[in-house]
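Everything on this sheet refers to the single structure shown next.
Every number in this text was worked out from the coordinates using simple rules, so none of it is lab data. These figures come from a predicted structure and were not determined experimentally. No Cβ is skipped: glycine too gets one built from the backbone with ideal geometry, and neighbour counts run over all protein chains shown.
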Amino acid sequence: MDTVRVLFLCTHNSSRSQMSEGFLRALGAQHYAVASAGTEKTSVHPLAIRAMAERGIDISAHTSKVYSDLPPVRWDYLITVCDAANERCPFMPGVQMRLHWSFEDPSRVVGSEEVRLAVFRQVRDQIAACIARWLSHGHAAPR
């Protein structure tokens, strides 16, 4: 059985793509080679780390990467998880299937830490549901 290679792409690679990578690694590590990257490099958002830890997934060692710095490999799936990355995403050779999942940017929410964390949790749960649905429909079934 071949490993399915999945790249999650977002603008800053700080929250949505990092959480997506974390969930797919947790749910299908034996079948998927997963990475995430951004169109710009920043750092992994502390509230994304905290929200994922609440679900038992540790992304604290993840780092923000720019897609152009990734080694040239064949990606079975390129999944953009924000509208800006979807619009700016360049052609990437070797991509077999490109998908777009639109999630709100939790890092843009203003307010107290609890208000902001609530949005991170909401987006986290939306990502988890989307990945579970995708896997259950066999769209990314190993070959």
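Summary of values
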item	result
Neighbour-count ranking [beta-carbon atoms within 10 angstrom, fewest first] of ILE57, ILE79	ILE57, ILE79
CD proxy at 222 nm, helix term only [per DSSP H run n ≥ 4: -39500 (n - 2.57); per residue of the chain; nearest 500]	-11000 deg cm²/dmol
Least to most buried among HIS137, HIS62, HIS31 (fewest other Cβ within 10 Å first)	HIS137, HIS31, HIS62
Angle between the chain longest axis and helix 16-28 axis [Cα atoms, degrees, rounded to 10]	60
Rh (Kirkwood; distinct C-alpha pairs) - the chain, Å	15.1
Most fluctuating residue given options VAL115, VAL34, VAL123, as computed from a GNM of the chain linking Cα atoms under 10 Å	VAL115
The chain: angle of helix 113-136 to the longest principal axis, Cα-based, in degrees nearest 10	20
Relative contact order for the range 4-136, counting Cα pairs under 8 Å that sit 6 or more residues apart, in percent	28
Most fluctuating residue given options ALA118, ALA61, ALA29, as computed from a GNM of the chain linking Cα atoms under 10 Å	ALA61
